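Notes follow the structure.
The values are calculated or read from the model by the stated rules, or taken from the named source; none is laboratory data. Predicted, not measured: the structure shown is a model, and the values here were computed from it. Every residue, glycine among them, receives a Cβ derived from its backbone with ideal geometry; neighbour counts consider all protein chains shown. For the accessible areas, the whole protein counts, side chains as well, though only heavy atoms, and no ligand, DNA or RNA atoms are used. Shrake-Rupley method; radii C 1.70, N 1.55, O 1.52, S 1.80 Å.
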Amino acid sequence: MTEKRAAMATAEKPRGLVYYVGVALSAALLALVLLVGVMVIVVPAATGSTPMTVLTGSMEPTYPPGTLVVVRPIDAQEIRIGDAITYQIESGKDAVVTHRVMSVTKTTNGEVSFITKGDANGAPDALPVQPVQIKGKVWYAVPWIGYANNLLNGDLRGWLIPTIAVVLFLYAGYMLASGITSAVRKRRDAAQAEADAQSVDDAEGADESASDISHAR
């Protein structure tokens, strides 16, 4: 093998482990951020659910402080013992709490009320919960995201969420385009290297033929 061909063979060095680890971590981080975005923003918006932040330890260890609970509207008649529900502490007031249903009471005319209790509390809540107080049932929860959700409430959510979504989609597009471009470049470089190597072989073959003819003379 000539020096030129050896140089062509070593021109494309395989990428190191650090490169592939970086790509994998970047892809995993992007996937995680997109997943959290879907669970925290897209799904609640599409289903009419409400993301809320757990602020106290009354539902530990199931929902520790900082947990984001996604609360889905539910008919009071469908609530069962063991369900975690979010309800107004006082009817008509904004303050809410998420506790677990311990018992259901039904009157003769079909009206229901609920005795609730925090998982970490030693005693049930003092007053029964009426259907008018209920905001919904906990559908699913996302750990540690609640405080971030609090920061995004109000006017900040109006512009920051779309901005983050656009940045994530642009980044995903960049990663996809970069991967395609890299693959195309590798194929082109490999084809060019093969063509150059063939040219070198042809040139060496021609030189050897010319040399053989000269010796024959």
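Would you please name the residue that is nearest to Val138 (Cα to Cα), looking only at residues in region 106-120 that are buried (at least 21 other Cβ atoms within 10 Å of the Cβ) and of a type outside the set (Val, Ile, Thr)?
Gly118
With respect to Leu32, is the statement that it is within 18 Å of the chain's Cα centre (by Cα), over 30 Å from Thr107 (Cβ atoms) and open to solvent by 60 Å² or more (accessible area, probe 1.4 Å) true?
It is true that Leu32 is within 18 Å of the chain's Cα centre (by Cα), over 30 Å from Thr107 (Cβ atoms) and open to solvent by 60 Å² or more (accessible area, probe 1.4 Å).
Output the residues belonging to region 107-144 that are within 30 Å of Gly37 (Cα to Cα) and not β-branched (Val, Ile, Thr).
Gly118, Asp119, Ala120, Gln133, Lys135, Gly136, Lys137, Trp139, Tyr140, Ala141, Pro143, Trp144
Mind checking whether some residue in region 14-31 is over 30 Å from Asp189 (Cβ atoms) and out of contact with any helix residue (DSSP H, G or I) (no Cβ under 8 Å at 6 or more places or on another chain)?
Within region 14-31, not a single residue is over 30 Å from Asp189 (Cβ atoms) and out of contact with any helix residue (DSSP H, G or I) (no Cβ under 8 Å at 6 or more places or on another chain).
Take Trp144 and decide whether it is under 18 Å from Tyr63 (Cβ atoms), at pLDDT 70 or above, assigned to a loop (DSSP other than H, G, I, E, B) and open to solvent by 80 Å² or more (accessible area, probe 1.4 Å).
Considered against the rule, which asks whether it is under 18 Å from Tyr63 (Cβ atoms), at pLDDT 70 or above, assigned to a loop (DSSP other than H, G, I, E, B) and open to solvent by 80 Å² or more (accessible area, probe 1.4 Å), Trp144 comes out as yes.
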